[in-house]
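Single-structure report; data block below.
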Amino acid sequence: MNIVTINNKQFPVIEYRGQRVVTFAIIDDVHQRPEGTARAAFNRNRSHFIEGVDFLEMTADVIRTESLSDAFAARTAKGIILFESGYLMLTKPFNDALAWQVQRELVNSYFRTHAPLTEMEMIAAMAADAVRQQKRLSHVEEKIETVTKAVENIKRGTMRTGYVGYRQVVAKSGMSDAKCRNLVNAYHIPTDTHEFMTPDGLLSRRAVVELETFMAAFHQMMSEAEPRGTRWYHPKMGLFQVIGWEDKA
């Protein structure tokens, strides 16, 4: 087992499939931080780390089969290893003089110290690096796509299924906007608020109504209403007009 010394602290060289890695315990030790500091920093910023690129979480079986038992305490159920990029991201907030010294030593004397590579090893390393870069790009593209979809949804507005605006119920019922709202209140028809983006880029809101329930209440109300000349009367609605009621009956 190879041993390295960083900041007067000795620890074993840990490799995972040809790449040197570190654990939270190693980081705490060489940076002279209280136990648990590195793990806490990782947990706070985990969303910024990409698994397979910056770190790997391993089960006990993987730790055993990959010969990483020396990196973790006995009977560890799960363990996390960090590649060079993950280590540098994790220790980015460490700004004291010791942190800068340790980072330089770890990068130059641990992560990047290897025997000269053969041509095939160089090709394999380049291929592995290309895969890591592609994973990172794919991850970024997925985030961009998610944000783009969210923006488009905001622009269009996400309306609940079966709900429409008052303009639509005015057209379907033939009543005025005020009387449609009267009907909604009188018959306790479910409503909601629809948020959408205006052409000027401003977030706006409008009330929407459950269409099926509205039309059922409308027909019930009309079956109970009395004709008064060109208008109608209902105790809950007062006098009102219905344009094209003959076609809707």
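I want the antiparallel fraction of DSSP beta bridges within the chain, as a percent rounded to 5.
Working: 29 of 30 bridges.
So the antiparallel bridges in the chain amount to around 95 percent.
Run through region 1-53 and list the trypsin sites (Lys or Arg not before Pro) located in a DSSP loop whose Cβ has at most 14 other Cβ atoms within 10 Å.
R17
Tilt of helix 177-186 relative to the longest C-alpha principal axis of the chain, in degrees (0 to 90, nearest 10)?
80 degrees
Roughly how many nanometres apart are two label points built 7 Å out from the Cα toward the Cβ at A171 and I3?
Reported label-point gap for A171 and I3 is 8.2 nm.
Can you pull out the trypsin sites (Lys or Arg not before Pro) in region 161-249 that DSSP calls coil and that have at most 16 other Cβ atoms within 10 Å?
K236
So what's the gap between the Cα centers of region 1-46 and region 201-216, to the nearest angstrom?
Between the Cα centre of region 1-46 and that of region 201-216, the gap is 57 Å.
Using just the C-alpha positions of the chain as equal point scatterers, what log10 of I(q)/I(0) does the Debye formula give at each q in 0.12 1/Å?
-0.79
Across every pair of different alpha-carbon atoms, what Kirkwood hydrodynamic radius in Å does region 1-120 reach?
14.9 Å
Reachable lysines from K149, Cα under 26 Å, same-chain residues fewer than 8 places away excluded?
K135
Could you work out how far helix 97-106 tilts from the main Cα principal axis of the chain, as a 0 to 90 degree angle to the nearest 10?
Helix 97-106 and the main axis of the chain meet at about 70 degrees.
Of H48, H234, H31, which is the most mobile in a GNM of the chain whose springs link Cα atoms less than 10 angstrom apart?
Of H48, H234, H31, the Gaussian network model singles out H234 as fluctuating most.
Readers should treat all values here as calculations from the given coordinates under stated rules, not as data from a laboratory. Since the model is a prediction, treat every value here as computed from it, not as a measurement. Note that each Cβ is placed from the backbone with ideal geometry, even for glycine, and that neighbours are counted across all protein chains shown.
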